[in-house]
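Worksheet: one structure, shown below.
Rule-based calculations on the coordinates, nothing more; no lab input. Note that the structure is a prediction, hence the values are computed from the model and not measured. Note: ideal-geometry Cβ built from the backbone for every residue, glycine included; neighbour counts use all protein chains shown.
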């Protein structure tokens, strides 16, 4: 039996610092037995998947296009939806908790959807600062601890 689904959301491009944080979050989630869920493409998604795979974790990518081959190389299960950005709703709905790292409008949409349906979401140096009322943390370990507490697997 696999652990809870925790989504990592963020930009399809990211800064070196965001890449480092996302990889650490992916690794920590995998070490705690969580399944990493993301949009399956580049940037924060690729970094989180890379970190999870390095720690032996399972990664799931919910892709916007029709071709599962578009997933980054560290995605184990690539779900091609053909839904474009509407796939963000699937990510948010499937996740037990969400960690937002950096990002732009797509990430903001995911945060808004999560808040709307009461999926717990935490920002790890997200780019929306005080304009969005979500818990904020400073370190990858804090983000993972918070997310796993929300899904009831708090042994971080």
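Couple of notes before you dig in:
- Fewest neighbouring Cβ atoms within 10 Å first, the residues 139, 50 line up as 139, 50.
- Expressed as a fraction of 2.2 N^0.38 Å, the value expected for a compact globular protein of N residues, the C-alpha radius of gyration of the stretch 5-150 is 0.90.
- Helix-only [θ]222 nm of the chain, DSSP H runs n ≥ 4, -39500 (n - 2.57) each, per residue, nearest 500: -11500 deg cm²/dmol
- Remark: 110, 70, 85 ranked as 85, 70, 110, counting other beta-carbon atoms within 10 Å and listing the fewest first.
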